[in-house]
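The values are calculated or read from the model by the stated rules, or taken from the named source; none is laboratory data. The model shown is predicted, which means the values in this text are computed figures rather than measured ones. Using ideal geometry, Cβ is built from the backbone for each residue, glycine included, and neighbour counts are taken over all protein chains shown. Accessible surface areas use protein heavy atoms only, side chains included; no ligands, DNA or RNA. Shrake-Rupley method; radii C 1.70, N 1.55, O 1.52, S 1.80 Å.
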Amino acid sequence: MAGEPQADCLFCKIASGEVPATVVRETATTVAFRDINPQAPTHVLVIPRAHYPDAASLAAEPALLADVIREAGEVAADEKVVAPGYRIVFNTGAGAGQTVFHAHAHLIGGRGLEWPPG
Ligand code: 5GP
Ligand code: ZN
């Protein structure tokens, strides 16, 4: 069922605390933690505690999707990367680089960011 924990999901296990992570912010509905393989000085993943496989399916819960985006902005402020700017990325589908199928926003900042991305 949408939103229910998945036994084999890494990010459900991080959300529950079963798998450790370097958590930088938590709310009742979200967890933000440092990416284990950072691609920039600031690289934080923001997840909903509830399991949705990708950003588009998370949009079935608009308030929860907004929680994730808001928290990414709060992390950016905490990490002082709001200026000159940061990026929020939802890789969606294996061909776009999605490897964990629990929706997550990558908050990336602290260095120059090229456009278009690779
Ligand atoms: P995706 O490739 O699905 O967009 O993003 C998954 C991200 O999760 C990758 O950037 C990867 O480095 C990160 N990741 C994978 N396993 C772990 C883990 O066990 N802990 C943390 N903190 N990050 C992880
Ligand atoms: Zn999950």
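Any chance the stretch 18-25 includes a residue that's near ligand 1 (Cβ under 10 Å from one of its atoms) and acidic (D, E)?
no
Where strands (runs of 3 or more DSSP E) sit wholly within the stretch 11-67, those with at least 2 residues that are out of contact with any helix residue (DSSP H, G or I) (no Cβ under 7 Å at 6 or more places or on another chain) occupy 23-26, 42-48. Can we say A103 is open to solvent by less than 70 Å² (accessible area, probe 1.4 Å), in a loop (DSSP other than H, G, I, E, B), touching a Lys or Arg at 6+ places or on another chain (Cβ under 9 Å) and within 11 Å of ligand 1 (Cβ to nearest atom)? No, not satisfied. What are the residues in the stretch 8-43 that are within 20 Å of L64 (Cα to Cα) and of a type in the set (V, I, T), if any? Across the stretch 8-43, the qualifying residues are I14, V23, V24, T27, T29, T30, V31. For the stretch 45-80, filtering for residues that are farther than 15 Å from C12 by Cβ and open to solvent by 10 Å² or more (accessible area, probe 1.4 Å) leaves 19.
Does P84 satisfy being open to solvent by 50 Å² or more (accessible area, probe 1.4 Å), at pLDDT below 95 and assigned to a loop (DSSP other than H, G, I, E, B)? When the stated conditions are applied, P84 passes them. Given the residues F11, F90, which is the only one that is hydrophobic (A, V, I, L, M, F, W, C) and in contact (Cβ under 8 Å) with a residue 60 or more places away in the chain? Among F11, F90, only F11 is hydrophobic (A, V, I, L, M, F, W, C) and in contact (Cβ under 8 Å) with a residue 60 or more places away in the chain.
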